[in-house]
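So that we are looking at the same thing, I have put the structure below in structure tokens.
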Amino acid sequence: MRRLSLVLACALVAGLGIALLVAGRHDSAATGGTGLSVVGAYVPQPASPDVAAAYFTVRNNGGTAARLTGVRTDASHEAMMHRSDAGGGMQMVDSVTVPAHGSVAFARGGLHVMITNPRRLRQGDSVRLTLTFSGAAPITVTAPVTSVDYAPPGSG
Amino acid sequence: MRSSGGRWRVCRLAAPILAVLMVAVVSVAGCGTSRPAGAAAIISDPATRSPYRGTVLQVPLKEPDVRLTDTGGHTFDLRARTKGKLTLLYFGYTHCPDVCPTTMADLAATLRQLPAAQQARIAVVFVTSDPARDTPGVIRQWLDSFNASFIGLTGPFPVIQTAAKSVGVPIVAPVTKGNDYQVTHGAEVLAFDPTDQLAHVVYTSGTTSADYAHDLPVLLSGGAS
């Protein structure tokens, strides 16, 4: 009897774990219905009260290239896509092409969304990001506000 | 809105300085870090064994002889105050959304991994390239997000620019264009040896925390000399 309840308890814990994993995945990825999806979105807790950055990966499982035309956020009225360059500069990016059966990473030191004058963001908060595409429905994801020094596994 | 015009101006300024730097580079250790496009001119020889994952300079750079103002509002003589410490120097600005906080965050994460005795022998120095907005107080608050021991310096822009230029870091005076405020930051972290106060190794903005964690103990052990 004790063994059975132990097995049951283990099953319950495992089931809960799977449910949480599934829920987590659901939260971090959103699909646009045209083979486009956004995964791994996060916003490091900003060190400056005046500016934050958002990072994510756009995947395109479809057979035609997609064009990301902008990103909106509930954290501020001002968000724009930028690319940092190796020479210490930064430039605005009007649109980003996501190749068919490919992906584009907005990642540290490269493409990023600059959020100007964000609301107060602290680790544990979340930020909604809405990515707009040319010829495809917008995709909204919820990005967790991470620690200031969070780096995704395997990232630069 | 940002225009590419500003960027090209930066590049023009950067070109001669970078060219000198690049020629001085003797080797780049294979480290699995993808090098940014701008660093493609680095003359690398994967066969050359380097103890570092950073970029080794054949002609070392002298730590800038400059007096600036620290976040307490006091004069800070860079060479005098950092002598005896492995000094990691970076030029950036606090309103920078991506590279500057990422660089500071990676250095902070790296230091946390090191024994306290090693941490105590390292000085991380952030010099603003945007002194008009980066007051000592603003810099202090920003650096405290990463590590309260990081040193923050400001001063007249021409003084900062000259110091940056002396170590091959091209920064230009912030430019206001309409609503846009354009600033540049340094592209690398320079590591000055505790003893000779020369940078034998520099780190580009793509350097990972793991790379720093690999190199800093080697630098502390005098591996560069």
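Ratio of alpha-carbon Rg to the 2.2 N^0.38 Å globular estimate for segment B:50-125, to two decimals, please.
1.23
Amide H of A:Gly70: which non-local residues (sequence gap of 5 or more, or other chain) have their own amide H closer than 5 Å, using H built in the peptide plane?
For A:Gly70, whose amide H was placed from the backbone, the distant partners under 5 Å are A:Thr132.
May I pose another question? Taking just the alpha carbons, could you work out the radius of gyration and Dmax for segment A:30-156, both in angstroms?
13.8, 41
Could you list, bin by bin from short to long, the percent of Cα-Cα pairs of segment B:82-225 in 5 Å steps?
2, 10, 20, 23, 21, 13, 7, 2, 1, 0
At a Förster distance of 30 Å, what's the computed FRET efficiency of B:Ala132 paired with A:Thr69, Cβ-Cβ distance as r, to 0.05? Provide the component values of the computation, followed by the final result.
Working: r = 33 Å, r/R0 = 1.11.
Taking R0 as 30 Å, the efficiency between B:Ala132 and A:Thr69 is 0.35.
Ranked highest first by average number of other Cβ atoms within 10 Å, how do B:153-162, A:53-62 line up?
A:53-62, B:153-162
From the phi angles alone, apply the Karplus equation (6.51, -1.76, 1.60; θ = phi - 60°) to segment B:206-213 and give each ³J(HN,Hα) in whole Hz, x where the residue is Gly or Pro.
Computed from phi, the couplings for segment B:206-213 are x, 5, 8, 4, 5, 5, 4, 5 Hz.
Ok, one more. Which of the aspartates and glutamates could a cross-linker span from B:Lys83 if the Cα-Cα distance has to be under 14 Å and same-chain partners fewer than 8 positions apart are dropped?
B:Glu63, B:Asp65, B:Asp193, B:Asp196
Could the peptides B:87-95, A:143-151 be put in order, highest first, of the mean number of other beta-carbon atoms found within 10 Å of their residues?
Numbers: B:87-95: 25.2, A:143-151: 18.9.
Ranking, from highest mean packing down: B:87-95, A:143-151.
Taking beta carbons within 10 Å but only from partner chains, what does the mean come to for residues A:76-88?
Mean partner shielding for this stretch: 6.
Say each of B:Ala116 and B:Val59 gets a label point 7 Å from the Cα, pointing the same way as Cα to Cβ; how far apart are those two points in nm?
4.4
Inside 10 Å of the C-beta atoms of A:105-118, what's the mean count of C-beta atoms belonging to other chains?
Mean number of neighbouring Cβ atoms from other chains: 3.
Moving on. Taking each residue of A:141-148 in turn, how many C-beta atoms of other protein chains fall within 10 Å of its C-beta, and what is the average?
1
Once a ≥ b ≥ c are taken as the square roots of the eigenvalues of the Cα gyration tensor of segment A:83-137, is the result rounded (a/c under 1.5), prolate (a/b larger than b/c) or oblate (a/b not larger than b/c)?
oblate
Quick one: what are the phi-derived ³J(HN,Hα) couplings along segment B:108-117, Karplus 6.51/-1.76/1.60 with θ = phi - 60°, whole Hz, x for glycine and proline?
These are the phi-based 3J(HN,Hα) values: 5, 5, 5, 4, 4, 7, 8, x, 3, 5 Hz.
Here is a further query. Obtain the nm distance between the two label points defined at A:Arg120 and B:Asp77 by a simple spin-label model: each point lies 7 Å from its Cα along the Cα-to-C-beta direction.
Those two pseudo-labels are separated by 4.3 nm.
Values in this text are rule-based calculations from the coordinates and carry no lab data. All of these numbers come straight from a predicted model, not from anything done at the bench. Don't worry about glycine lacking a Cβ; one is built from the backbone with ideal geometry, like all the others, and counts go over all protein chains shown.
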